[in-house]
1. Given C-alpha coordinates of segment B:143-212, what is the ratio Rg to Rh with the Kirkwood estimate of Rh?
2. Hey, what's the Cα Rg ratio for segment A:151-229 versus the globular rule of thumb, 2.2 N^0.38 Å?
3. Mind checking A:195-207 for the average number of partner chain beta-carbons within 10 Å of each residue's beta-carbon?
4. Please report the spacing between the Cα centers of segment B:226-279 and segment B:151-204 in Å, no decimals.
5. Between segment A:197-261 and segment A:175-195, what is the separation of their alpha carbon centroids in Å?
6. Does segment B:16-104 come out rounded, prolate or oblate by the C-alpha gyration tensor, with a ≥ b ≥ c the root eigenvalues, rounded set by a/c under 1.5 and, if not, prolate when a/b is larger than b/c and oblate if not?
7. Calculate, axis by axis, the spread of Cα positions in segment B:40-156 along the three principal axes, and write the results as whole Å, longest axis first.
8. Among A:168-175, A:67-74, A:135-142, how do they line up from the highest to the lowest mean number of other beta-carbon atoms within 10 Å?
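The numbers here are math on the coordinates, done by the rules we state, and not lab data. Model, not experiment: these values are computed from the prediction. Counting neighbours? That spans all protein chains shown, and the Cβs are built from the backbone with ideal geometry, glycine included.
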C-alpha cells in the first residue's frame, strides 16, 4: 500500500489478477501464450513489484516500518504483540532516524515511516497517523533543590551561557551538562523544542541512550540532562517547566510544553494489513501497551 | 611430492584470503570516507574543531587532540608500571613466583573492555568527581582505565624481550663486579631496548584503538580539553557513538574519521616495525 512507488503504480496492474496466492504465478500464464518470454518478463516484474509493495493480500510479505529511534522500542513492542496475535504476519522494525523514516515512506523503501518530529510543509502530502505523545523531561539529581525552570533558562544552560548553579540561587558549582549524540531523535526533538536554532555547547557531555543519561544524572549531584518523560524514575528528579510537571495528564492536555508527537507516516492512507496494524496501535489495547511503556496515548 | 605441493597451495590461498579481507576493509573505509574529505577539504576536516554533522560542520581536531592526549595519559601511567613489572618478573623473581604471576597478568588481557569501562563508571568516576572535582567522566578517567588495559600487552612483550637477552651478558657483567640492578640497568635493558620499544608502541596502538571502555568513562564532550578533569571524545568513540543514526554526509564523515584513525595506527605500527628492524 503505502509503498507503491512511481513505477509501482504503473505496473501493479497485474496485481488484482493475482490476489490470493503467490502473485506472479497467477498473473503470468493469464496474459496469453504468444510471446512466452515477454510473458515471463511481465510475470517477473509483477512478482517483484508485489514483493516490494505492502499488499494486504500477500500474507507472506512483511510490513516494514522504519524511522525514529525514539519510536523504535515502542514499535518493536507493538509489532511483537501484533505478530503474536497474527502469526502469519511479519513486521520488520528498523531505526534510522525520523528524517530517514519519512524519506523511506515517501520513496517506498518502507511501508510505514516512524517520526518523532512534526512533518515539514514539503512532507505534508504524506498521510500521518499520530500514535502517542511523549514528553521530554529535564532531569537533575534528587539532591538538587531546584524544582522549577523555564524554557529560556534551559536554553541558556544548553547554549553554554549559564554554567554555574549559582545563577539559580544554589551554592556555586559548575553545571555538568549532559546531552544526546547527533542523530538521536530525542536530541532532535529537544533542539526543536528548546534550542530555537542555537547549537548545544560542545562542552556538554554526550551519552548515547536515555538510560545512560539517566545513569549519569543519578550519580552526579551537579548534572542536568534530558530524557523521554516515560523513562524518569525515582533516582532522578524531573523539573517542572514554568510550574508544570511532565505527568501523563499534563502532556496529554498540552500544558507541559516539551512535548512531541510520535507519528507513523505513509505515502497513501494505509490499506489491508498495514491498516490492520495501525488500527491495532490506535485500539484501546494498543494504546494501553504504549501507556504501559511510559508514553501518553492519543485516544 | 604432489601432496606437498597441494598443501602448499592451500596454505597460500588461506594466507591470501586473510590479506585480501584486510585490503578490502581498507579499501571500503577509504571508499566510504574519502568523498567527505574531498567535500569539506582536508584542512577543514582535520584542522577545525567544530563538529555538528547534521548541520554541515565536520571538524575533528578536538577528537584528534583528545585521542592523542588520552593515549599519552595511558602511556604515562601504564608504561612505568608495565615495564617495572616486566623487569621484576624477568630478572628478579624466583621461578615459582614467575609461574604464578605471568599467567595471572595474561588473564588481564582476556577481560572484555566493557568490564573495564563498567568498573570505571561505578568506581573510578565517582572517585574523581568526589575528590578531584569536575564531572568525573574525564580525560583522566579514560587515561587511567586505558593505562590498566595496556598493561598485559606491555608486560608480556617486554618480558619476552628481556628473556631473549643471552645469559652470557648477565654473567659477564656480574663477573666484572656489577650488582644485579647495575646489570639490569646497564646491560640487559639496553640489549632489550628494541623489544621494549615495540611493546610500548603496541600498547599505544591498543590504547588509541580502544572504544567501549573510553565511551563509558570519557564523557564524550566535543571540546579541546584544557584540564585533565574535563570530558573528551576520542576518534573511536565518535564513530561508535554516532554510527547508529548517521546517514549521508554524516555517515561519510564517520568513515573519514576512521581513515584518520587508520593512518595514525598505521604510522604507529610502521614505526614499531622499523625500530625492531634497525637493531
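1. Using only Cα positions, Rg/Rh for segment B:143-212 is 1.14.
2. 1.04
3. That works out to 5 on average.
4. Each part's Cα centre sits 32 Å from the other's.
5. The two parts, judged by their Cα centres, are 10 Å apart.
6. In terms of gyration-tensor shape, oblate.
7. Ordered largest first, segment B:40-156 gives principal extents of 61, 35, 23 Å.
8. A:67-74, A:135-142, A:168-175
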